[in-house]
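The values are calculated or read from the model by the stated rules, or taken from the named source; none is laboratory data. Model, not experiment: these values are computed from the prediction. So basically every Cβ, Gly included, is an ideal-geometry build from the backbone, and we count neighbours across all protein chains shown. Keep in mind that these areas ignore ligands, DNA and RNA; they rest on the heavy atoms of the full protein, side chains included. Shrake-Rupley method; radii C 1.70, N 1.55, O 1.52, S 1.80 Å.
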Amino acid sequence: MAEPPNPGRDLYLTAGGYGCGVCHGPVANGGGQAGGPIRGATREALDKALKEQPTMKLLVDELSQDNIADLSRYLELLAQIPLVELVYNDLGWAITQEPVTRGQTVQMVVSNDSFGDLALDLQAFGFAPATITPLNTLVLEWIAEAGTFFLPDNGLLVVPAEDICIH
Amino acid sequence: MRSLILALSFLAGTVAAESITVYKSSTCGCCAEWIKIMESKGHDVEVKHPFNLQGAKDDLGVPRQLRSCHTAVINGYLFEGHIPEQDILRFLANPPADAKGLAVPGMPGMSPGMAPQGQAYSGFRVIGFDVNGKFSLVNQY
């Protein structure tokens, strides 16, 4: 799998019994929740939140210094992984995408915000077709290949064939 | 006679009060805020802190995609997350056939227990779920 091993990720999904994702989204992407996106949050920011933010303060006793270091490493690692978010509802798609370079691992977060099944043809990305059940989210990790990929609702993901070097 | 009337009016005043069991993590502050709101409305809340909260939610049957922090159980129905009291009372007054409960998934910032006191609830949906795993839109704020 594309995903590098990281103990911080497991902790991210379980800390406090509910996991960081409840407030910050499945891959620290925010996901419309109260805590907002925290991809790339530094150790300093995490320590500050644990000291000052009312909800975070309650987690202090749950997390060892090693746990905090692991979480921080995971969040910093996520900053290097471009995020493509696709949210489907009855009105159509809302897409946000970060720039992608060939060979990079990309996280594609596809949320079905409707009450019907959402069938997706993911052939262009090398994945088998998938159906996302109502209100569910699919996180795909894709090693970006060069090309132009059409996303629903006129979204366009362009991955350049070569890195452009300026000497 | 006077005491009977008083007793009747007391009963009438508490007829909507429910006995609620809430499963939450001991580290959850916003759960506690939601509980405070329910208690202030006259409901009786018993709090449980299971060692494995997600396992407890699995056992109760809370769909994964609807999960929030705390799970409340009232009259055998499940109420997941920051649901406004009025939606819970409306549901309990007339539970749909096959209904299992209601959920406000995740942690919307302007929901009860999350929003600053006195501010209107907004930006979230109340989702119904049933024994067949079907979801429906119950209310929108």
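Computed quantities for the displayed model
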read-out: Neighbourhood charge, 15 Å Cβ-Cβ cut-off, centred on B:Gln65 and excluding it, Lys, Arg +1 and Asp, Glu -1; value: +1
read-out: Rounded tilt (10° steps) of B:2-14 against the dominant C-alpha axis of chain B; value: 10
read-out: Karplus 3J(HN,Hα) series, Hz, for the stretch B:116-125 with 6.51 cos²θ - 1.76 cosθ + 1.60 (x for Gly, Pro); value: x, 4, x, 8, 5, 6, 7, x, 8, 10
read-out: Amide hydrogen neighbours beyond the local backbone of A:Val106, cut-off 5 Å, H modeled; value: A:Trp142, A:Ile143, A:Ala144
read-out: Net charge of Cβ neighbours under 11 Å - reference B:Asn139; Lys, Arg +1; Asp, Glu -1; value: +1
read-out: Unit charges on C-beta of K, R, D, E only; dipole of the protein assembly as shown, Debye; value: 880
read-out: Protein-only accessible surface order, largest first, of A:Leu77, A:Leu50, A:Leu13 at 1.4 Å; value: A:Leu13, A:Leu77, A:Leu50
read-out: Charge sum, other residues only, whose C-beta stays under 9 Å from B:Gly128's C-beta, Lys/Arg counted +1 and Asp/Glu -1; value: +1
read-out: Among A:Leu77, A:Gly116, A:Gly155 - extreme Cα towards positive end, dipole of the protein assembly as shown, charges at beta-carbon; value: A:Gly116
read-out: Those residues of the stretch A:49-85 whose amide nitrogen sits under 17 Å from the label point placed on A:Phe149, 7 Å along Cα→Cβ; value: A:80-85
read-out: Accessible surface, the stretch A:48-167, averaged per residue in Å² (probe 1.4 Å); value: 59
read-out: Summed buried accessible area for B+A [probe radius 1.4 Å, Å², rounded to 100]; value: 1500
read-out: The protein assembly as shown: Lys pairs at Cα distance under 29 angstrom, eight or more positions apart or on different chains; value: 28
read-out: Rough spin-label spacing in nm, given labels placed 7 Å along Cα→Cβ, for B:Ala97 and B:Tyr77; value: 1.7
read-out: Probe 1.4 Å - accessible area at B:Tyr141, Å² to nearest ten; value: 60
read-out: Relative contact order (%) - chain B, alpha-carbon pairs under 8 angstrom, separation at least six; value: 20
read-out: Relative contact order (%) - criterion: Cα under 8 Å, at least six apart; region: the stretch A:83-166; value: 29
read-out: Förster radius 30 Å - calculated FRET efficiency between A:Glu141 and A:Ala69, Cβ distance, rounded to 0.05; value: 0.80
read-out: Relative contact order computed over the stretch A:7-79 (Cα-Cα under 8 Å; 6+ residues apart), in percent; value: 34
read-out: Estimated FRET transfer efficiency (A:Glu52, B:Ala120; beta-carbon r; R0 25 Å; 0.05); value: 0.40
